[in-house]
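The values are calculated or read from the model by the stated rules, or taken from the named source; none is laboratory data. Predicted model, so just to flag it, every value in this text is computed and none were measured. Glycine gets a Cβ as well: all are built from the backbone with ideal geometry, and neighbour counts include every protein chain shown. Each accessible area value is taken on the protein alone, full model and side chains, heavy atoms only, with ligands, DNA and RNA left out. Shrake-Rupley method; radii C 1.70, N 1.55, O 1.52, S 1.80 Å.
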Amino acid sequence: MDTDHIWFKAAHGLEGVKEIGRDPGLCFSAILRDDALVIPDTLRDPVAADNPLVAGEMGVRFYAAAPITTPDGHRLGTVNVLDTKPRSIIEDDTATLADLAAIVLDEMELRLSALRALRNEQKRREAERAAGEQAEKDVLPR
């Protein structure tokens, strides 16, 4: 999410939907929570009913999401499940959604760690190359 939009970084079944406005009701509501948000029937939820995914042609009727939260409390996004039919889920399903959000965070942290390691290796190689070039200049007669 940014200040104006919700960006879909990975989606299945939402062909053509890459972003929506940061309207209240679904992802915006979910990212503000510490736990999972489950809306069994979005048309019966006064906040979700006006969301473009609900009121628009997609016709989302079920929504469940868990926030992706860093250990220091920063919320980076959500993992969502949507359906065009109302549904109810059990506590185990909600726990699984929270587990998926934790897995996404782990994968993001692994990627960040790999990028840091790559940058450090590139800096090390650049420093070695520069040191080698300087050594060659020091050895060559002038």
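Residues of the stretch 115-126 include none that is more than 20 Å from L32 (Cβ to Cβ), at pLDDT below 95 and touching a Pro at 6+ places or on another chain (Cβ under 6 Å).
The residues on offer are E121, E128, and the sole one that is part of a helix (DSSP H, G or I) and open to solvent by 80 Å² or more (accessible area, probe 1.4 Å) is E128. Summed over the stretch 6-35, residues that are in a strand (DSSP E or B) and either at pLDDT 85 or above or open to solvent by 60 Å² or more (accessible area, probe 1.4 Å) (or both) total 2. Within the stretch 41-51, the set of residues being open to solvent by 60 Å² or more (accessible area, probe 1.4 Å) and assigned to a loop (DSSP other than H, G, I, E, B) comprises P46, V47.
Taken together, the criteria place D92 among residues that are part of a helix (DSSP H, G or I) and either touching a Lys or Arg at 6+ places or on another chain (Cβ under 6 Å) or loosely packed, with under 10 Cβ neighbours inside 10 Å (or both). Report the residue count in the stretch 60-74 for those that are open to solvent by 20 Å² or more (accessible area, probe 1.4 Å) and either under 18 Å from L100 (Cα atoms) or touching a residue at least 24 places away in the same chain (Cβ under 8 Å) (or both). Here the count works out to 6.
Here A98 clears all of (1) closer than 21 Å to I6 by Cβ; (2) within 16 Å of the chain's Cα centre (by Cα); (3) not in a helix (DSSP H, G or I) except the condition numbered (3). Looking only at residues in the stretch 79-89 that are in contact (Cβ under 8 Å) with a residue 24 or more places away in the chain and within 19 Å of the chain's Cα centre (by Cα), which one is least open to solvent (accessible area, probe 1.4 Å)? Result: V79.
If you check V38, V54, V79 for being part of a helix (DSSP H, G or I) and either under 27 Å from I6 (Cβ atoms) or out of contact with any His (no Cβ under 9 Å at 6 or more places or on another chain) (or both), only one passes: V54.
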